[in-house]
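The values are calculated or read from the model by the stated rules, or taken from the named source; none is laboratory data. For clarity, every value in this text was computed on a predicted model and none was experimentally measured. No Cβ is skipped: glycine too gets one built from the backbone with ideal geometry, and neighbour counts run over all protein chains shown. Accessible surface areas use protein heavy atoms only, side chains included; no ligands, DNA or RNA. Shrake-Rupley method; radii C 1.70, N 1.55, O 1.52, S 1.80 Å.
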Amino acid sequence: MTSSSALICDTEAWKALKGHVEDINKTHLRELMSDANRCQYMMMEFDGILLDYSRQRATVETMDKLLNLAKAAQLTEKISRMFNGEHINSTENRSVLHVALRAPKDAVIKADGKNVVPEVWNVLDKIKEFSEKIRSGSWVGATGKPLKDVVAVGIGGSFLGPLFVHTAIQTDPEALECAKGRQLRFLANIDPVDVARNSNGLNPETTLVVVVSKTFTTAETMLNARTLREWITTALGASAVAKHMVAVSTNLALVEKFGIDPNNAFAFWDWVGGRYSVCSAVGVLPLSLQYGFPVVEKFLKGASSIDQHFQSTPFEKNIPVLLGLLSVWNVSFLGYPARAILPYSQALEKFAPHIQQVSMESNGKGVSIDGLPLSYETGEIDFGEPGTNGQHSFYQLIHQGRVIPCDFIGIVKSQQPVYLKGEMVSNHDELMSNFFAQPDALAYGKTPEQLQKENVSENLIPHKTFSGNRPSLSLLLPELTAYSVGQLLAIYEHRVAVQGFVWGINSFDQWGVELGKVLATQVRKQLHSSRTQGTPLEGFNYSTTTLLKRYLETSSEPQT
Ligand SMILES: O=P(O)(O)OC[C@H]1O[C@](O)(CO)[C@@H](O)[C@@H]1O
């Protein structure tokens with residue numbers, strides 16, 4: 001067991017895994033895969049989702065050792081502390097209760113002694129009512145027209161999760177039907193090009209702007225919100241803000257100060273981390289406006305199903321726990337610094353960008369939760385693209401270059417099936433042929449002997465050899481619906497938490513994003529005074545001074 005100030009790397013369980021790496025290095029996935037009992041042990045099913053981790057560089061013994069590590073890290077206790085609303089985000093003195101956002105109405109989840117589920121459902125009911133008004137046309141804009149289009153303004157966790165879910169369900173037949181005649185756009189970047197892209201073609205008379213910001217102080221979001229407020233008031237007059245702008249925030253005082261009627265604000269709470277907020281009004285409001293609340297409620301139910309599985313299933317059958325432990329194994333023991341997220345589904349194209357924030361903002365830390373410097377790496381470099389597009393891009397490197405553990409995510413039933421008469425297989429079968437083939441190509445590789453038998457010329461043999469032994473895991477979902485998107489989200493959220501719990505870090509703060517913001521403030525002030533009063537550059541190093549000088553001398557940004 002670790003005492004609160006000890007590092008997990010000092011435990012016997014960690015040392016046992018370190019020693020075990022040597023055993024694993026003596027094996028090849030080719031051999032491991034020939035053991036059917038092992039493979040059977042490494043398949044797990046829950047609520048329609050099938051996990052196959054037999055292509056991890058692990059044996060049953062590895063799993064036993066990882067489960068011992070979980071014990072040494074007090075994983076059971078840490079998960080309970082999260083669900084019990086303890087202030088596990090200790091550097092911000094906050095509970096971590098995104099699970100309460102999708103809990104059933106009759107659940108009891110307490111933060112600071114108070115059941116938060118009724119408050120959650122108050123906001124959900126308010127969203128339901130408001131979105132029905134907008135969708136039915138009973139709430140109209142300043143000129144009496146129904147509001148058909150929504151622009152959600154927000155960045156980071158106030159953007160990536162909602163965009164992921166929107167992209168994932170927009171071609172689902174049920175969601176598609178519910179969204180008929182409506183548009184949902186996202187404005188995140190402060191780059192004015194993003195403003196142009198997301199307002200071009202929209203009519204302010206029929207547009208609702210949802211400003212989404214936990215703090216309501218994020219520089220990019222607030223300037224974008226002011227820009228769209230200007231777009232609305234220029235076209236429709238100042239009073240139009242009341243009908244055309246609403247907000248999602250924990251900071252209702254600043255919402256009001258901005259000029260948005262507090263009755264048109266949708267609250268959430270400081271116990272919801274930004275990157276874990278898609279199940280709060282942050283995601284639920286824009287998605288309900290586009291698809292209707294009943295569709296979004298299915299998404300919440302999918303996430304809740306995984307929450308219950310995560311909270312109550314023994315670790316050896318617990319999908320997020322197994323995935324988290326295997327990631328720790330890959331990063332801390334096998335030394336693989338990256339992870340590729342490879343959904344064989346175009347609808348999941350925004351999944352990897354969302355998980356990049358969930359994972360890298362959570363686990364990219366250099367000290368333990370008690371502030372001790374870590375002697376091991378935490379977090380991994382997450383990236384990904386849908387298959388098969390990625391195969392024609394970066395797969396060369398993962399087959400013959402660096403070893404990157406891969407998550408293959410496949411869907412049994414396509415949202416939009418196509419079968420052309422005379423073709424050997426349907427379009428979805430064609431896609432899935434690749435989903436099934438790639439993990440084996442990575443695991444088995446191809447030996448020089450095999451190439452010789454194929455009469456490959458000697459000089460090409462080294463180039464055509466695949467070392468194999470490259471780990472992956474496969475997740476197979478029955479279909480991609482609002483429900484299963486919720487499941488997928490919760491699996492990854494909890495997996496990231498498991499990794500952080502084992503590494504002994506705080507996965508719920510993000511101090512690393514602050515320094516850059518502070519330095520930008522200094523630059524912003526300088527740009528303002530140089531442009532308006534010709535103030536010379538001061539206080540920057542040689543490099544930044546040179547770049548700023550070039551920028552100021554060669555650009556003529558309007559100042560009025
Ligand atoms: O919702 P807010 O307060 O505008 O913050 C947006 C994002 O900024 C961050 O604080 C840092 O970039 C993220 O954690 C957060 O999701």
**Request:** Would you mind telling me which numbered condition in (1) open to solvent by 30 Å² or more (accessible area, probe 1.4 Å); (2) farther than 30 Å from Q416 by Cα P471 fails?
**Result:** (1)
**Asked** In segment 84-106, what count of residues is obtained for those that are open to solvent by 20 Å² or more (accessible area, probe 1.4 Å) and in contact (Cβ under 8 Å) with a residue 60 or more places away in the chain?
**Response** 5
**Item:** Residue list for segment 243-257, filter: away from the ligand (no atom under 13 Å from the Cβ) and within 20 Å of S199 (Cβ to Cβ)
**Value:** K243, H244, M245, V246
**Item:** Residue under evaluation G154, criteria (1) in contact with a Ser or Thr (Cβ under 9 Å, 6 or more places away or on another chain); (2) open to solvent by 30 Å² or more (accessible area, probe 1.4 Å), criterion not met
**Value:** (2)
**Request:** Answer yes or no: is there a residue in segment 286-296 that is within 16 Å of the ligand (Cβ to nearest atom) and modelled with pLDDT of 95 or more.
**Result:** yes
**Asked** Which one of I319, I306, I341 is under 17 Å from D407 (Cβ atoms) and in contact with a Gly (Cβ under 7 Å, 6 or more places away or on another chain)?
**Response** I341
**Prompt:** Restricting the first residue to segment 450-462 and requiring it to be surrounded by 10 or more Cβ atoms within 10 Å (Cβ to Cβ), which pairs with a second residue that is in a loop (DSSP other than H, G, I, E, B) meet a Cβ separation below 7 Å and a spacing of at least six or different chains?
**Reply:** L451/T465
**Request:** For F266, state whether it is within 26 Å of A168 (Cβ to Cβ), modelled with pLDDT of 95 or more, aromatic (F, W, Y) and within 16 Å of the ligand (Cβ to nearest atom).
**Result:** yes
**Message:** Are there helices (runs of 4 or more DSSP H) fully within segment 214-258 with at least 2 residues that are acidic (D, E)? List them.
**Reply:** 219-236
**Asked** When the residues of segment 144-158 are filtered to those that are part of a loop (DSSP other than H, G, I, E, B) and of a type in the set (A, V, I, L, M), which remaining residue is nearest to the ligand (Cβ to nearest atom)?
**Response** I155
**Request:** Could you list all residues from segment 259-303 that are of a type in the set (V, I, T) and within 21 Å of the chain's Cα centre (by Cα)?
**Result:** V272, V278, V282, V284, V295, V296
**Request:** For segment 119-133, state whether one or more residues are assigned to a loop (DSSP other than H, G, I, E, B) and open to solvent by 20 Å² or more (accessible area, probe 1.4 Å).
**Result:** no
**Prompt:** So, in segment 442-489, of the ones that are in contact with a Lys or Arg (Cβ under 6 Å, 6 or more places away or on another chain) and part of a helix (DSSP H, G or I), which residue ends up farthest from R339 (Cα to Cα)?
**Reply:** L451
**Prompt:** Are there any pairs with C-beta distances below 8 angstrom linking a residue in segment 16-45 that is under 19 Å from K65 (Cα atoms) and acidic (D, E) to a residue that is modelled with pLDDT of 95 or more and open to solvent by 20 Å² or more (accessible area, probe 1.4 Å), with the two at least 6 apart or on different chains, and if so which?
**Reply:** D23/T59; D23/E61
**Residue count for segment 159-191, restricted to those that are outside any strand (DSSP E or B), closer than 17 Å to V246 by Cβ and open to solvent by 20 Å² or more (accessible area, probe 1.4 Å)** = 2
**Request:** Can you give me the number of residues within segment 39-76 that are closer than 27 Å to V412 by Cβ and open to solvent by less than 10 Å² (accessible area, probe 1.4 Å)?
**Result:** 8
**Request:** Please enumerate the residues belonging to segment 477-521 that are basic (K, R) and more than 14 Å from the ligand (Cβ to nearest atom).
**Result:** R495
**Item:** Inter-residue pairs, beta-carbon under 8 Å, first closer than 22 Å to T76 by Cβ and in segment 320-348, second part of a strand (DSSP E or B) and of a type in the set (D, E, K, R), 6+ apart
**Value:** S327/R339
**Item:** Residue list for segment 195-213, restricted to those being away from the ligand (no atom under 16 Å from the Cβ), outside any helix (DSSP H, G or I) and either at pLDDT below 95 or farther than 14 Å from T233 by Cα (or both)
**Value:** N200, G201, L202
**Complete:** Out of (1) free of Cβ contacts under 8 Å to residues at least 40 places away in the same chain; (2) within 15 Å of the ligand (Cβ to nearest atom), the one D191 does not meet is (2)
